[in-house]
1. If you check ILE101, ILE53, ILE94, which single one turns out to be closer than 26 Å to THR5 by Cβ and touching a strand residue (DSSP E or B) at 6+ places or on another chain (Cβ under 6 Å)?
2. So, of the residues in the stretch 44-58 that are over 10 Å from the mean Cα position of the chain (by Cα) and either in contact (Cβ under 8 Å) with a residue 12 or more places away in the chain or within 8 Å of the ligand (Cβ to nearest atom) (or both), which turns out to be nearest to ILE103 (Cα to Cα)?
3. Looking only at the stretch 9-51, how many residues end up being in contact with a Ser or Thr (Cβ under 9 Å, 6 or more places away or on another chain), of a type outside the set (Gly, Ala, Ser) and part of a strand (DSSP E or B)?
4. Would you mind finding the one in SER42, SER52, SER47 that is surrounded by fewer than 12 Cβ atoms within 10 Å (Cβ to Cβ) and over 18 Å from GLU68 (Cα atoms)?
5. In the stretch 1-38, what residues are within 17 Å of ILE103 (Cα to Cα), within 15 Å of the ligand (Cβ to nearest atom) and without any contact (Cβ under 8 Å) to a residue 60 or more places away in the chain?
6. Condition test on PHE61, is it at pLDDT 95 or above, in a loop (DSSP other than H, G, I, E, B) and surrounded by 13 or more Cβ atoms within 10 Å (Cβ to Cβ)?
Amino acid sequence: MMDYTKLAEKAVQAKKNALPTYSGFHVGTALLTAEGKIYTGSNIESSSYSLSICGERTAIFKALSEGERKFSALAIASDFDGYCPPCGSCRQVIHDLCGDIDIIMVNLDNELKIVKTSELLPLAFGDENIK
Ligand code: THU
C-alpha cells in the first residue's frame with residue numbers, strides 16, 4: 001500500500017488557505033499527479049453561496065489548468081471530527097477528470113481512510129455515455 005503521509009500533511013496544511021466566510025467549515029486538499037507532483041486546494045466561498053467551490057475542485061482545476069492530465073490520489077482534510085468525504089458534485093468531477101484514483105480522507109488525529117473513486121460513485125455517468 002502507498003504511503004500517503006506526506007500527501008495527507010499537505011491537505012491539512014492547505015486548510016489554512018480556506019476561505020469559508022459563510023460556513024466557517026475549512027477544507028484542505030492535496031492532489032497527487034502520476035509523476036509525483038502535488039497540487040493543493042481549499043474551499044473558497046462567495047456571498048452568492050452557490051458560486052462557492054469545494055477544496056477538491058480547486059485542486060483539480062488548478063492542476064488541469066497547469067497542464068496536468070494524469071492523477072493518482074487526492075487527500076481531503078477538514079474541520080469535521082471524522083472522515084470528510086467529497087460531495088456529490090466533486091465525486092462526478094473526480095470521476096470525469098481524475099479517474100479511479102485513491103481518495104484519502106484525513107481526520108483530526110491525522111488518521112487516514114482510503115477509498116477508490118469507484119466506491120464513492122458506483123454506476124457513474126461519464127464519457128462513455130455520451131458517445
Ligand atoms: N466542502 C468542500 O470543500 N469539500 C467537501 O467535500 C464538502 C464541502 C465545502 C463547501 C463549503 O465551502 C463548505 O465545505 C461547507 O459545505
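1. Of ILE101, ILE53, ILE94, the one residue that is closer than 26 Å to THR5 by Cβ and touching a strand residue (DSSP E or B) at 6+ places or on another chain (Cβ under 6 Å) is ILE101.
2. So, considering only residues that are over 10 Å from the mean Cα position of the chain (by Cα) and either in contact (Cβ under 8 Å) with a residue 12 or more places away in the chain or within 8 Å of the ligand (Cβ to nearest atom) (or both), the one nearest to ILE103 (Cα to Cα) is ILE53.
3. Residues that pass the stated criteria total 9.
4. From the options SER42, SER52, SER47, the qualifying one is SER47.
5. Within the stretch 1-38, VAL27, GLY28, THR29, ALA30 qualify.
6. No: the conditions fail for PHE61.
The values are calculated or read from the model by the stated rules, or taken from the named source; none is laboratory data. In this text the structure is predicted, and so the values were computed from the model without any measurement. Here Cβ is always computed from backbone atoms with ideal geometry, including for glycine, and neighbour counts include all displayed protein chains.
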